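The structure appears right after this line, and notes come after that.
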Amino acid sequence: MKRKILPLLFVFLFTFARADEGMWLLYLLGDQVYADMVKKGLKLSKEQLYSINKSSLKDAIIIFGGGCTGEIVSREGLIFTNHHCGYSAIAAASSVEKNYLRDGFWAKSKAEEIPAPSLTVQFLVRIDDVTKQVEDALKGLSGSEWSAKLQSVSQEIVKKATDGTGYEARVVPFYKGNQFLLFVYERYRDIRLVGTPPESIGKFGGDTDNWEWPRHTGDFAVFRVYAGKDGKPAAYAADNVPLQPKYFLNVSTKGVKDGDFAMIYGYPGSTNRYETSYGVKLKTDIENPAIVNLRDVRLKLMFEEMKKDPATRLQLASAYAGIANYWKFYDGEAKQLLKYDVYGQKKADEEKFRQWANGKPEYEQVLPQYEKAYADWQPYAKHRIYMNEGILGSPLAAYAASLQALERALTRKTLNTEEVTRISETLKRSRQMFLENENKASDQNILAATCRMFYTDIDRAQHPEKYFNSIRTQFGDLSDDSTFKKFAADVFAKTIIFDDARWNAFLAKPDSSSLQNDPAYRYVTAFLKNYNDRFGKYSTEFNNRLNDLGRMYLKGVMTMNPGKVTYSDANFTMRMSYGAVKSYKPRDAVFYDYVCTMSGVLEKYKPGDYEFDLPKELIDAAKKKDFGLYKDAKYNDLVVCFITTNDITGGNSGSPVLNGNGELIGLAFDGNYEALSHKIAFDKDMNRTICVDIRYVLWCIDKLGGARNVISELVLK
């Protein structure tokens, strides 16, 4: 395919690269960025990094599931990714009798591999620049009209690009809507679990070590992608065959040393590096503290039940891990933003912009309008958080909210019985999935606690006052914690959602009155309708204003700084970052080495502990120093993890960490606590990516799992 010429605005932006900051689109990789990579240790050509017409490194990189990265590591479609990325699939394959989360699993042949029906992987086929086509359609529009037109023109572009191909595509905005690229993907749906270490290895350190260095976590899992006999995507079938990939990664057992070149490919989810000071202040003052408080309560109530019973622990494991991961992130992000005065840095940048924009009609009102937009939204910001993380933080409430589609169908002026039947069938299936994952004891406590927090913490003028009055009338004083507990118990006891006979009778002859009177449905819709009817318009208006102002502000910033590097925010499109393996000093008199070893694992080991227990076979092998060819010569030990200066964010979980030859040296799985402000502000001194060393991965597969069949598939360098 012939590469399209990009608008001049975006060509000059890639004339200079800072050392390690930036998640680069390989499609737009400039000569000087590439030259800087070569200077730092890259041995590959541009064509080997990314090619439209030939196989290249980009063809080994996949979107794994819905929000992670994986890589192809054999000519038979073997996938490496993070344990936490495969966590839900591993949990789904597990049972109390065959608990693969707890005990690990290794298929000794392809016939033993376990289908993961919830998983898919996507390969990037190509990227097209569609900026002119989109901008022509959007000319003169703003606000909701701009967003609606973007959606419609994107659908047209996608349809034209994919009709008759079997591909999927997405039009993605860059630079806050100043550029648009079309990404075309091929999705494979037959994914199978090949192997996973026990959770005690894959999650070693748990929440205590999350976002911390040193880290001793074996955060990896192994899957395989299958295709039909023609090599094309196909639904699961026993006679499907392992995919023969266009490209797969070789694996290096050489190890790393301080200063080594490191390159990471993957799908970073989102950053907002061009956030304003107003947005930073909203985060630190309102949004993050609210999220942390609500998640803290939910986690504690879930963990109380998980401690009581192994089956409950397995049932809640995936949900708990997801909530816990970003509980610590939001807490750390706010603290780092304050510690490094990111607000002050943004204010200084904005003052420069004000001076430059003075007298320029296109730009001089941008920051005053930003200030007013945030001031108008601020009174409602906490309410939105308490809806998403609080009221809908109860799984029962979240499921009950999904019944709104049925209510809408039942209350239309003209009843469409086919629509009602279709929705009812969908609800039957979704209810079954909900019940399989539902832990009533913890959820009932969550509903009581989050409802009370809403009552206590949200401005009374924004309450669904009639609903709270009904709770007060029926259950007692709303200043009393026991009132909310009695209320929650009543909801759980009386909802039809938990009663098979009443549920089936309702779906056999659904009516709006029965639905509206169900206590779980009445609870969640009281809050949703209160928010949507009274305050939703402010949220929509705020988002539209931010979209318009963001486009103009960033266009102005780039116009103000011709020749200065301005990479696009992450948006879950394939990116490459480069840097070095590097130690650091997080604070006075403290030095962090660039690797941690098995000796540190043994130091942290606590028999029977929820976060720091380990399998006996690992302890025995570690004490014998039975590390074979995976041992690091310098440390005379097994290196478990290492750190690099690469710029990554959520979505890079599972990303391959590559040396200068493009060989796999590790898997990225975390960032460090000292730089948790990275979504908004990259810290060139403190930022580190935490990676599991590939030699530890291989040792676990080989020595602990006994899966020599997996090792034999790899090309080891």
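With at pLDDT 95 or above and surrounded by fewer than 18 Cβ atoms within 10 Å (Cβ to Cβ) as the only criterion, which of Asp341, Asp309 stands out?
Asp341
Asp230 versus (1) assigned to a loop (DSSP other than H, G, I, E, B); (2) acidic (Asp, Glu); (3) touching a residue at least 40 places away in the same chain (Cβ under 8 Å): which is the lone unmet condition?
With respect to (1) assigned to a loop (DSSP other than H, G, I, E, B); (2) acidic (Asp, Glu); (3) touching a residue at least 40 places away in the same chain (Cβ under 8 Å), Asp230 is out only on (3).
Do we find a residue being touching a residue at least 12 places away in the same chain (Cβ under 8 Å), in contact with a Cys (Cβ under 9 Å, 6 or more places away or on another chain) and small (Gly, Ala, Ser) anywhere in segment 614-630?
Looking through segment 614-630, none of the residues is touching a residue at least 12 places away in the same chain (Cβ under 8 Å), in contact with a Cys (Cβ under 9 Å, 6 or more places away or on another chain) and small (Gly, Ala, Ser).
In segment 571-596, which residue that is in a strand (DSSP E or B) and in contact with a Pro (Cβ under 9 Å, 6 or more places away or on another chain) is surrounded by the fewest Cβ atoms within 10 Å (Cβ to Cβ)?
So, considering only residues that are in a strand (DSSP E or B) and in contact with a Pro (Cβ under 9 Å, 6 or more places away or on another chain), the one surrounded by the fewest Cβ atoms within 10 Å (Cβ to Cβ) is Tyr592.
Given the options Arg522, Arg575, Arg587, name the one that is charged (D, E, K, R) and farther than 29 Å from Thr645 by Cα.
Result: Arg522 is the single residue among Arg522, Arg575, Arg587 that is charged (D, E, K, R) and farther than 29 Å from Thr645 by Cα.
For Tyr340, are the conditions met, namely being hydroxyl-bearing (Ser, Thr, Tyr), within 16 Å of Asp285 (Cα to Cα) and within 28 Å of the chain's Cα centre (by Cα)?
Taking the combined requirement at face value, the residue satisfies it.
Out of segment 95-116, which residues are of a type in the set (Gly, Ala, Ser) and at pLDDT 95 or above?
Gly104, Ala107, Ser109, Ala111, Ala116
So Leu629 fits all but one of (1) assigned to a strand (DSSP E or B); (2) of a type in the set (A, V, I, L, M, F, W, C); (3) at pLDDT below 95; what number is the exception?
Against the list (1) assigned to a strand (DSSP E or B); (2) of a type in the set (A, V, I, L, M, F, W, C); (3) at pLDDT below 95, Leu629 comes up short only on (1).
Which condition does Asp376 not pass, out of (1) surrounded by fewer than 19 Cβ atoms within 10 Å (Cβ to Cβ); (2) within 25 Å of the chain's Cα centre (by Cα); (3) in the same structural domain as Gly279 (by TED's automatic domain parsing), if it passes all the others?
With (1) surrounded by fewer than 19 Cβ atoms within 10 Å (Cβ to Cβ); (2) within 25 Å of the chain's Cα centre (by Cα); (3) in the same structural domain as Gly279 (by TED's automatic domain parsing) applied to Asp376, the lone miss is (2).
Please determine whether any residue of segment 543-555 is farther than 30 Å from His463 by Cβ, modelled with pLDDT under 95 and among the aromatic types (Phe, Trp, Tyr).
No, segment 543-555 contains no residue that is farther than 30 Å from His463 by Cβ, modelled with pLDDT under 95 and among the aromatic types (Phe, Trp, Tyr).
Within segment 671-717, restricting attention to residues that are out of contact with any helix residue (DSSP H, G or I) (no Cβ under 9 Å at 6 or more places or on another chain) and closer than 30 Å to Tyr278 by Cβ, which residue is surrounded by the fewest Cβ atoms within 10 Å (Cβ to Cβ)?
Lys684
Any idea which residue in segment 470-515 is farthest from Lys413 (Cα to Cα), counting only those that are touching a helix residue (DSSP H, G or I) at 6+ places or on another chain (Cβ under 6 Å) and of a type in the set (A, V, I, L, M)?
Leu478
Which residue is surrounded by the most Cβ atoms within 10 Å (Cβ to Cβ), if the candidates are limited to segment 51-64 and must be modelled with pLDDT of 95 or more and in contact with a strand residue (DSSP E or B) (Cβ under 8 Å, 6 or more places away or on another chain)?
If we take residues in segment 51-64 being modelled with pLDDT of 95 or more and in contact with a strand residue (DSSP E or B) (Cβ under 8 Å, 6 or more places away or on another chain), then Phe64 is surrounded by the most Cβ atoms within 10 Å (Cβ to Cβ).
Please list, ordered by first then second residue, the pairs with beta carbon atoms under 6 Å, 6 or more apart or interchain, first in segment 471-496 and at positive phi, second part of a helix (DSSP H, G or I).
Taking only residues 6 or more apart or on different chains, the pairs are Gly476/Thr483.
With Phe353, Phe329 as the choices, which residue is among the hydrophobic types (A, V, I, L, M, F, W, C), closer than 30 Å to Tyr100 by Cβ, in a helix (DSSP H, G or I) and modelled with pLDDT of 90 or more?
Phe329
Condition test on Ile694, is it in contact with an Asp or Glu (Cβ under 8 Å, 6 or more places away or on another chain) and modelled with pLDDT of 95 or more?
no
I need every pair where a residue in segment 35-48 that is farther than 17 Å from Thr644 by Cα and free of Cβ contacts under 8 Å to residues at least 40 places away in the same chain has its Cβ under 7 Å from the Cβ of a residue that is among the polar types (S, T, N, Q) and surrounded by 16 or more Cβ atoms within 10 Å (Cβ to Cβ), sequence separation at least 6 or different chains.
Glu47/Ser56
Only one of these is crowded, with 19+ Cβ neighbours inside 10 Å and within 30 Å of Lys582 (Cα to Cα): Met263, Met302. Name it.
Answer to the check: Met263.
Which residue out of Tyr635, Tyr673, Tyr696 is closer than 22 Å to Trp213 by Cα and free of Cβ contacts under 8 Å to residues at least 60 places away in the same chain?
When all the criteria are applied, what remains is Tyr635.
Somewhere in segment 136-149, is a residue in contact (Cβ under 8 Å) with a residue 24 or more places away in the chain, basic (Lys, Arg) and assigned to a loop (DSSP other than H, G, I, E, B)?
No, segment 136-149 has no match at all.
Conditions tested, residue by residue: (1) of a type in the set (A, V, I, L, M, F, W, C); (2) outside any helix (DSSP H, G or I); (3) closer than 30 Å to Ala93 by Cα.
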| residue | (1), (2), (3) |
| --- | --- |
| Gln432 | no, no, yes |
| Phe454 | yes, no, no |
| Lys466 | no, no, no |
| Ile471 | yes, no, no |
| Ala488 | yes, no, no |
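The values are calculated or read from the model by the stated rules, or taken from the named source; none is laboratory data. Here the structure is a predicted model, which is why all the values come from computation and not from measurement. Every residue, glycine among them, receives a Cβ derived from its backbone with ideal geometry; neighbour counts consider all protein chains shown.
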